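The values are calculated or read from the model by the stated rules, or taken from the named source; none is laboratory data. Predicted, not measured: the structure shown is a model, and the values here were computed from it. Here the Cβ is made from the backbone with ideal geometry for all residues, glycine too, and neighbour counts use every protein chain on show.
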Amino acid sequence: MELYIDTANLDEIKQAAELGVLDGVTTNPSLIAKEKVDYTRRLAEICEVVKGPVSAEVIAVDYEGMMREGLERSKIASNIVVKLPSTVEGLRACKALSDQGIRTNLTLCFQPLQALMVAKAGAFLVSPFIGRLDDVGEEGMGLIRQIRQIYDNYGYRTKLLAASIRHPMHMVECALAGADVATVPFSVIKSMMNHPLTDVGLKKFVEDYRKAFGG
Ligand code: E4P
């Protein structure tokens, strides 16, 4: 399973990269706006730190605008993946960019047929949003399971990227459901190696060693 970090904060990205298990980065307009930095420059900075796929979202909502912005974003660095909305216009842009060899991430996916359509259009990644579905009383994880089954039924090669992950149990369930990638906030990445019994056990081992052998 691949692990991406879902942030535009450079410090967080650097700290996550130092763990040695980071495969990529996803950003969105809200995450970059929060950093109060130049949009394109920040994407370039991220691509310097992480050599895996870095998702860069378009702002346009029409096909021509998405194509223009998508082509611009793709020139920032060779590891940029153009992030497009899962709309009819986004689908057209996905097909056109994919035909040119530009990788795309179709975001804001909330139902399985969006995932089916973008896979047919050649998307590199599809991003179903688990947390936002949970927020409105739907089972986000159910969507991950449906997309997994559809992709496996037909052998689609689009990678299932579980997004809008809010807590460690989302991660566990995504891994069990067979998500190819999960994009995760730094707070959740940090919690993924935590267990209170690990801390208690480690403290006891160190204490017992010191009692017996000194130091
Ligand atoms: C994914 O690419 C999105 O940036 C992200 O996962 C959205 O998460 P949120 O619903 O917590 O904002």
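Annotations for the structure displayed:
- The listed residue being in contact with a strand residue (DSSP E or B) (Cβ under 6 Å, 6 or more places away or on another chain), more than 13 Å from the ligand (Cβ to nearest atom) and closer than 26 Å to M193 by Cβ, out of D23, D6: D23
- Elements of type helices (runs of 4 or more DSSP H) in the stretch 104-215, at least 3 residues being within 16 Å of the ligand (Cβ to nearest atom) and under 29 Å from A77 (Cα atoms): 112-120, 186-191
- Test: S55 is at pLDDT 95 or above, within 14 Å of the ligand (Cβ to nearest atom) and touching a strand residue (DSSP E or B) at 6+ places or on another chain (Cβ under 9 Å): yes
- Within the stretch 163-173, at least one residue is of a type in the set (D, E) and within 15 Å of M1 (Cα to Cα).
Each row is one residue, and each column tells you yes or no for (1) touching a helix residue (DSSP H, G or I) at 6+ places or on another chain (Cβ under 7 Å); (2) at pLDDT 95 or above; (3) closer than 24 Å to G70 by Cβ.
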{"site": "F124", "(1), (2), (3)": "no, yes, yes"}
{"site": "R132", "(1), (2), (3)": "no, yes, yes"}
{"site": "D135", "(1), (2), (3)": "no, yes, no"}
{"site": "I144", "(1), (2), (3)": "yes, yes, no"}
{"site": "Y154", "(1), (2), (3)": "no, yes, no"}
{"site": "T158", "(1), (2), (3)": "yes, yes, yes"}
{"site": "P168", "(1), (2), (3)": "yes, yes, no"}
{"site": "G178", "(1), (2), (3)": "yes, yes, no"}
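- Within the stretch 29-41, tally of residues that are away from the ligand (no atom under 14 Å from the Cβ), under 11 Å from N9 (Cβ atoms) and part of a helix (DSSP H, G or I): 0
- Odd one out for V172 among (1) β-branched (V, I, T); (2) surrounded by 19 or more Cβ atoms within 10 Å (Cβ to Cβ); (3) farther than 24 Å from G90 by Cβ: (2)
- Some residue of the stretch 65-79 being closer than 21 Å to F129 by Cα and not in a helix (DSSP H, G or I): no
- Unmet criterion (only one of (1) in contact with a Pro (Cβ under 6 Å, 6 or more places away or on another chain); (2) closer than 22 Å to T40 by Cα; (3) of a type outside the set (F, W, Y)) for I147: (2)
- Hits in the stretch 84-101 - residues which are surrounded by 19 or more Cβ atoms within 10 Å (Cβ to Cβ) and away from the ligand (no atom under 16 Å from the Cβ): L91, A93, L97
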